[in-house]
1. Under a Cβ-Cβ cut-off of 14 Å, what is the net charge of the residues other than His118 that fall near it, where Lys and Arg count +1 and Asp and Glu count -1?
2. Sorted from fewest to most neighbouring beta carbons within 10 Å, what does the list Lys150, Lys3 look like?
3. Within a 10 angstrom radius of the beta carbon, how do Val102, Val137 rank from fewest other beta carbons to most?
4. Expressed as a whole number of Å, what is the distance separating the alpha-carbon centroids of the stretch 106-145 and the stretch 21-62?
5. Count charges around Lys179 for me, please; just the other residues with Cβ under 11 Å from its Cβ, Lys/Arg as +1, Asp/Glu as -1.
6. If packing is taken as the average count of other Cβ atoms within 10 Å, what order do 184-190, 167-173 fall into, highest mean first?
7. Which chymotrypsin sites (Phe, Trp or Tyr not before Pro) from the stretch 90-161 combine a DSSP loop assignment with at most 15 other Cβ atoms within 10 Å?
8. As an exercise, take the mean of 1/r over every pair of distinct alpha carbons in the stretch 172-219, invert it, and state the Kirkwood radius in angstroms.
Amino acid sequence: MEKRAQFLLALSAAAAAAFVAVVFVLRWVLHFREGLAWDGGPAEFNWHPVLIVIGFVVLQGIAIIVYRLPWTWQCSKLLMKFIHAGLNLLAFILAVISMVAVFDFHNFAKIPNMYSLHSWLGLAVVVLYGLQLVLGVGMYLIPVAPVSWKAAFMPLHVYSGLSLFITVIAVALMGITEKLIFGLSNPKYKDSPPEALFVNVLGVLLVVFGGLILWIATRTSWKRPSDQVLHALHTSAGGEDNTKVGPALSQLSEGNDAESSSDVRRRGNKLGDEAE
Ligand code: HEM
């Protein structure tokens, strides 16, 4: 019960940070900046931060923790995989549209493309996110890969997913800082006008949201129960050597595994469908 309360507290804090961040980015472009339009001008550029915050940060964050929501645990793992993949796909599409907006704006204003560190890391993270999406769908949604491959690939999928999420937040912070330096001239960023303070708070909110998502995602005891069984098997089956998970799974369904409480066995029997 206490575990559930702690989870709900972390989830509510993440939801609040995400909601306020979306309100802040909209107020930034609509109140302090030129608004939103698709005309090649600064208002088209403004889609860039808006779609990144809504899509690449918030939707991606939700996609990462969607398996942790206790009220989804009675849904099939397949349905949850579709929701996870669908949210990631939506985040990717919004990130691509946000990139089109900034390239369009640059070309229209004859500003060079891809000169900044922000743009290099930004393009790299979008390309790698696309690759992560394709590999994830290929491995876990198209039913061709053997269970042992799925289990062996999972640590890499989790590691690269979390690394990309952290990088997205870092790149967004770089973009915010750049925009404040470029966009504020009189008074300048260093003079701390209201817009600068307001948008600094947006950056802090993105970091808080990112930190909470990472916290929720990395608590083993908050995992979907069937995933906790897999995790226990994974660690008892030889630490980092994931190739041993396959045999461990079959041991579990035969009831031979060391961790053989009736509860674990009952859940273990569902693993054919649940194993990633
Ligand atoms: C992970 C999130 C982000 C990604 C992947 C990303 C990606 C990119 C890319 C690839 C460019 C280069 C476009 C070109 O050269 O024509 C760019 C430009 C730019 N972005 Fe972002 N961006 C992100 C977040 C943000 C945010 C939140 C802001 C805040 C306003 C921002 C501000 C800028 C600015 C000012 C430019 C033009 C200057 C430059 O090329 O560095 N970016 N972004």
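1. Details: positive: Lys179; negative: Glu178.
Summing Lys/Arg as +1 and Asp/Glu as -1 gives 0.
2. Values: Lys150 17, Lys3 11.
By the 10 Å Cβ count, ascending: Lys3, Lys150.
3. Details: Val102 22, Val137 15.
In order of increasing Cβ crowding within 10 Å: Val137, Val102.
4. 19 Å
5. On the way: positive: Arg33; negative: Glu178, Glu195.
Local charge sum for Lys179: -1.
6. Details: 184-190: 12.0, 167-173: 20.4.
Put in order of decreasing packing, that is 167-173, 184-190.
7. Values: sites: Phe92, Phe103, Phe105, Phe108, Tyr115, Trp120, Tyr129, Tyr140, Trp149, Phe153, Tyr159; in loops: Tyr115.
Those satisfying the criteria are Tyr115.
8. Numbers: mean 1/r = 0.0850 Å⁻¹.
Hydrodynamic radius (Kirkwood, Cα only) of the stretch 172-219 equals 11.8 Å.
Where a number appears in this text, it was derived from the coordinates with a stated rule and is not lab data. Just so it is clear, the structure is predicted and the values come from calculations on it, not from any experiment. All Cβ positions, even for glycine, are placed from backbone atoms using ideal geometry, and neighbour counts span all protein chains on display.
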